[in-house]
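The values are calculated or read from the model by the stated rules, or taken from the named source; none is laboratory data. Keep in mind it's a predicted model, so treat the numbers as computed, not measured. A quick note on method: Cβ atoms are made from the backbone with ideal geometry, for glycine too, and the neighbour counts reach across all protein chains shown. Surface areas here come from the heavy atoms of the whole protein model, side chains and all, with no ligands, DNA or RNA. Shrake-Rupley method; radii C 1.70, N 1.55, O 1.52, S 1.80 Å.
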Protein chains: 2
Amino acid sequence: MALKDEYYAVIEAGGTKFNCAIVNSNREILEDIRIPTTTPEETLSACVSFFKAQREAGYAFSKMGIGSFGPLDLDENSKTFGYVTKTPKPHWTFAAVSPYFEKALDCEVVIDTDVNAAALAEARWGAAQGTSVSVYITVGTGVGGGVVVNGKPLHGLVHPEIGHMTVIPPEGMEGVCPFHKNCVEGLASGRSLGKIWGQPSETLPDDHEAWDKLTDVLAQLCHNLLVGFSAQRIVFGGGVMQKTGMIEHIVAKTEKSLNGYIVYPEGVTLEDIIVLPGLGTHSGMLGALALLDQ
Amino acid sequence: MALKDEYYAVIEAGGTKFNCAIVNSNREILEDIRIPTTTPEETLSACVSFFKAQREAGYAFSKMGIGSFGPLDLDENSKTFGYVTKTPKPHWTFAAVSPYFEKALDCEVVIDTDVNAAALAEARWGAAQGTSVSVYITVGTGVGGGVVVNGKPLHGLVHPEIGHMTVIPPEGMEGVCPFHKNCVEGLASGRSLGKIWGQPSETLPDDHEAWDKLTDVLAQLCHNLLVGFSAQRIVFGGGVMQKTGMIEHIVAKTEKSLNGYIVYPEGVTLEDIIVLPGLGTHSGMLGALALLDQ
């Protein structure tokens, strides 16, 4: 479908807050609100109240896009399609997210993971335009990744959980993911950095060794995404990536790790492939819109 | 295109031999020959002689599918489209494979990597039928992998080089890939096993620790393919995988590594996902045919 309506409802549904907005087909955010993620009952009904008020104010929408934290059931033939599935997040296991909005707002809902949505927005309008295979990685409280192949978010068995790919831990480190000894999330998320170094990640000084080791881990991830997916673009978003110099270090270490094995197409360098988002901090919100345009 | 012709020319172009055949649209191999991989001049001209003789014998074909060792240039806009690119294999760097056959046999040629072709054949007719995301891994002299997403082989920047994904080496081991310290190929290929254990891999007894460590490596690869690609099927082909019990060990170790993180769709188990080829040893040859049917 193309973006033919005047107004759309979008939600960037995260583990700490739901960003809700009315956007138009020019990707302008007209109204928005942040609702804390507490219980499904509280959070989802607060979202519905916001959207009902917008409708009353004249923003007639009939479609909603949701980029949500996961894991999600994205199998259209499943009885729990559009639900969050088994999550360590209290209260949210088998929360019926998209069915709730479809019913309460009588609208068509398209849902995907927050990172698949962001990957789609970056592929459509941002830093991954013109590619056939691109990956969006967020490094924030957690680490997640979405993938777009030939204009479609990747699903498969469930959906990518790229934060849980395993990597060789930097010397002297051990991951803190409760599921996996040495996955990216357990070594490189803001939450993990806090546990590993014994202080909140945002208080770690710029010259702390944590940052050097973090880029070691993310460069290994890039290596595997480049040889695994043959990704034409790896877009790094999320709070942690806003630190100056991070992306440059990741590029340099990935180059070293690949060691000349991959011959890039003429004129392409790794700086063109591993990049920051083209949509700034709006990849997620616009991702929810992009889901309505595929 | 669909398989509407009566006869097709196919080549499974490997590092040690080129398997050439005439097949029909029922996937029956009518005539075939094995030609040693020496220099491009010798090998390619010997293939052409075989196919010319087949035409004279009445097998009128106008299309050829090639699944080839790589790396390959698969960028249709490139001047070296259809060439092998930079390879450590003597004589073959920038060998013009598909243009050679197009000219010498005046036929339409579709080329892809041997493993993408095999992945496509397994997705179309073999063990990965009905999936939207599947991976084919070959563990033989080398380790390679191809990927099919929504019925198309994955390309992207170049094409997947899954054998070069990095993994945590089993205790006491170090990979022997000349490019990467600890990639799958450097730890798990037949060639690497020979170097690591000091004897040809085919002479290693069944109770040698090499096999246990090999499945450690391949289970890590499966972990990363499951969380990375969300693969619905991982098909393991290649000589090494023909050893009894390998696939069962890989399944068990992957299950342990994932540690319950991925919730499979109802009724699906990991035994259904990590499997041997449905096409036996014909995935490669039929893959070359499958390239003509997409």
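Here is the figure for region B:137-159: residues that are of a type outside the set (Gly, Ala, Ser) and open to solvent by 20 Å² or more (accessible area, probe 1.4 Å) total 7.
For region B:241-263, taking the residues that are away from chain A (no Cβ under 11 Å) and in a loop (DSSP other than H, G, I, E, B), the one that is most open to solvent (accessible area, probe 1.4 Å) is identified as B:THR244. Picking from residues in region B:123-178 that are more than 12 Å from every other protein chain (Cβ to nearest Cβ), in contact with a strand residue (DSSP E or B) (Cβ under 6 Å, 6 or more places away or on another chain) and part of a strand (DSSP E or B), the one that is farthest from B:ASP112 (Cα to Cα) is B:THR138.
Looking at region B:270-288, is at least one residue open to solvent by less than 10 Å² (accessible area, probe 1.4 Å), of a type in the set (A, V, I, L, M), away from chain A (no Cβ under 14 Å) and under 20 Å from B:ALA21 (Cα atoms)? The answer is yes, given that some residue of region B:270-288 is open to solvent by less than 10 Å² (accessible area, probe 1.4 Å), of a type in the set (A, V, I, L, M), away from chain A (no Cβ under 14 Å) and under 20 Å from B:ALA21 (Cα atoms).
Taking region B:47-66 as the range and being in contact (Cβ under 8 Å) with a residue 24 or more places away in the chain and open to solvent by less than 50 Å² (accessible area, probe 1.4 Å) as the test, the residues that pass are B:CYS47, B:VAL48, B:PHE50, B:PHE51, B:GLN54, B:TYR59, B:PHE61, B:LYS63, B:MET64, B:GLY65, B:ILE66.
Select from region B:84-131 the residues that are of a type in the set (Phe, Trp, Tyr) and in contact with a helix residue (DSSP H, G or I) (Cβ under 9 Å, 6 or more places away or on another chain) and write down the one among them that is nearest to B:ILE250 (Cα to Cα). For region B:84-131, the residue satisfying everything is B:TRP125. Do the conditions hold for A:SER134, that is, is it crowded, with 23+ Cβ neighbours inside 10 Å, over 26 Å from B:ASN259 (Cα atoms), in contact with a helix residue (DSSP H, G or I) (Cβ under 6 Å, 6 or more places away or on another chain) and among the hydroxyl-bearing types (Ser, Thr, Tyr)? The answer is yes for A:SER134. Only one of the listed residues (A:ALA117, A:ALA128, A:ALA123) is open to solvent by 10 Å² or more (accessible area, probe 1.4 Å) and within 19 Å of A:LEU276 (Cβ to Cβ). That residue is A:ALA123. Scanning region A:84-109 for residues that are in a strand (DSSP E or B) and open to solvent by 10 Å² or more (accessible area, probe 1.4 Å) yields A:ALA96, A:GLU108, A:VAL109.
Just one of (1) in contact with a Pro (Cβ under 6 Å, 6 or more places away or on another chain); (2) under 16 Å from B:ILE262 (Cβ atoms) fails for A:VAL184. It is (1).
Which residues, taken from region B:223-256, are farther than 12 Å from B:SER134 by Cβ and of a type in the set (Gly, Ala, Ser)? Correct list: B:GLY228, B:GLY237, B:GLY238, B:GLY239, B:GLY245, B:ALA252. Residue count for region B:202-237 under the criterion of being open to solvent by 20 Å² or more (accessible area, probe 1.4 Å) and either more than 11 Å from chain A (Cβ to nearest Cβ) or over 28 Å from B:GLY126 (Cα atoms) (or both): the result is 11. Here are some conditions: (1) touching a Ser or Thr at 6+ places or on another chain (Cβ under 9 Å); (2) outside any loop (DSSP other than H, G, I, E, B). B:SER62 meets all but one. Which one does it not meet? Condition not satisfied by B:SER62: (1).
Residues that are in contact with a Leu (Cβ under 9 Å, 6 or more places away or on another chain) and part of a loop (DSSP other than H, G, I, E, B) were ranked within region A:67-83; the one that is surrounded by the fewest Cβ atoms within 10 Å (Cβ to Cβ) is A:PHE81.
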